[in-house]
Amino acid sequence: MTEVSSREGWDGRSTALNMVHDQGHRVSTLIGQLREKTFRTSGVPPARTGFEPLDSVLDGGFLPGEVILLGGQPGAGKTICALQWARNLAVSGRNVTFACFEHDEATLMYRLMVQEMAGLTAQTDATMRIQARAIIRDLMLGLVDLDRAMAASPLVARTLEQIEGYSSRLQLLRASTQRTTPEALEMTAVPHLEPGSVLVVDYLQKLPVPDVPNIEERVYHAVEILKEMAIRNQVAVLALSAASASGIGVDRLRMEHLRGSDALGHECDVAIVLNNKATATSDRHLKFDLTQLDEARRRVVFSIEKNRRGEVDVHLDFQKDFANFRFNPNGTFMSEALEGD
């Protein structure tokens, strides 16, 4: 008979969600299951972000059961990046829930539509693009209805047509620090997700854990719960993380500057930290070259500081297109040294 043990949930209660089978298996048994094709796993490939060479460094993308940390200072592009990844994942056929404590659904839809439109406007007149953005803004403010918006701008109509192609796979959730506990988040997100899907939490430090007021302890419990959630449901969790007071304004943000960094460092499987290239790059590269400095201001460094599946201390360089709420997804490996290296 298999012994079933229960672990107490975040609120101290044993629930059906927290019933787990704590049973060991001999390696010989697992090898036998592989031979007999009865080995139980998610059976899905990594979830690709659509950013290269990031996906290559991550050996294909995000895996089920992983917690991926995306950190950065305010304005570094965390939400922009995460929403672009969510869009790319949905386009590729993955289900995604984007739970956001920072913005409502209308704001996220506005950003998503402007981002999508940017991919359609290479040969479009600038005046038409400006007009289309204004119409999208008015649509999200409720000043015009959908039919009028589409009739007023063929570009808006094309943008909506593109989004409708993956819209059923992308769920936007306005999260609340009062209501969206880990249990509520799981109950809302999981019915939309399936093994190999991705849950985005923007951002981790705002996830409320009842009866844990201390920020450090709350982050510890939150990331631990998210890890269990990821494993239990065989999904990847992308958790955005804010900088601590000591990290605000530093030239180069590191994992140690994130709020609750001790817990984050232990529990996450992959940690990516965003930095503005102009401040994070060593002075010897930019101090006497104003052209390079100006170019660096338009770029963000993605530093992979933890990676349980491969290389660490890998630094990638992506160009900002924040006017369109996106990054250029084709990046490069950093050739310059960073501050502190």
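No value in this document is a laboratory result; all are computed from the given coordinates. In this text, all values refer to a predicted model and were calculated from it rather than measured experimentally. Neighbour counts run over all protein chains shown; Cβ positions are idealised from the backbone, glycine included.
Quick notes on this one:
- Computed 3J(HN,Hα) for the range 249-260, one whole-Hz value per residue from the Karplus formula 6.51 cos²θ - 1.76 cosθ + 1.60 where θ = phi - 60°, is x, 5, 5, 9, 6, 10, 4, 5, 8, 7, 5, x, glycine and proline marked x.
- Cβ-based exposure ranking for Met109, Met187, in which fewest neighbours within 10 Å come first: Met187, Met109
- Rounded to whole Å, the principal axis extents of the Cα atoms in the range 102-172 read 31, 24, 23, largest first.
- Comparing Gln162, Gln73, Gln292 in a Gaussian network model of the chain, where Cα atoms under 10 Å apart are tied by springs, the biggest mean-square fluctuation is seen for Gln292.
- Cα long-axis angle, helix 78-91 against the chain (0 to 90 degrees, to the nearest 10): 80
- Within the listed set Arg40, Arg111, Arg259, the residue fluctuating most in the Gaussian network model of the chain (springs between alpha-carbon atoms under 10 angstrom) is Arg40.
- Amide H within-cut-off set for Val312, under 5 Å, with H built and near neighbours excluded: none
- Rh (Kirkwood; distinct C-alpha pairs) - the range 196-281, Å: 13.7
- Summed residue charge, Cβ within 12 Å of Glu194's Cβ, Lys/Arg positive, Asp/Glu negative: +2
- Each Lys and Arg adds +1 at its Cβ and each Asp and Glu adds -1 at its Cβ; summed about the Cα centre, the chain shows a dipole of about 540 debye.
- By the beta-carbon count within 10 Å of each Cβ, the least crowded to most crowded order of Val300, Val27, Val44, Val201, fewest first, is Val27, Val44, Val300, Val201.
- Largest GNM mean-square fluctuation among Ile136, Ile31, Ile248, using the chain with Cα springs under 10 Å: Ile31.
- DSSP-assigned coil residues among GluC sites (Glu not before Pro) in the range 244-331, each with at most 12 further Cβ atoms within 10 Å: Glu311
- Around Cys268: net Lys/Arg minus Asp/Glu count, Cβ-Cβ under 13 Å: -2
- Backbone amide hydrogens, once placed in the peptide plane, bring Ser197 within less than 5 Å of Ala236, excluding anything fewer than 5 places away on its chain.
- Taking the longest Cα principal axis of the chain as reference, the axis of helix 105-118 is set at about 60 degrees.
- For the chain, the percent of C-alpha pairs falling in each 20 Å distance bin, counted from 0 to the bin holding the largest distance, reads 28, 55, 16, 1.
- In a reduced charge model with +1 at each Lys and Arg Cβ and -1 at each Asp and Glu Cβ, the range 102-172 shows a dipole moment near 200 debye about its Cα centre.
- Rounded to 10°, Cα long-axis angle of helix 215-233 versus longest principal axis of the chain: 80
- Ordered by the number of other Cβ atoms lying within 10 Å of each residue's own Cβ, fewest first, Lys37, Lys78, Lys227 fall into the sequence Lys37, Lys227, Lys78.
- Lysine pairs with alpha-carbon atoms under 25 Å apart, the chain, spacing 8 or more or separate chains: 13
- For the range 195-341, the mean projected area of the C-alpha convex hull, equal to one quarter of the hull surface, is 10.2 nm².
- Farthest toward positive dipole pole in the range 102-172 [+1 Lys/Arg, -1 Asp/Glu at C-beta], among Ala106, Gln171, Ala134: Ala134
- Residues whose placed amide H lies under 5 Å from that of Ser282, excluding near-sequence neighbours: Ala337, Leu338, Glu339
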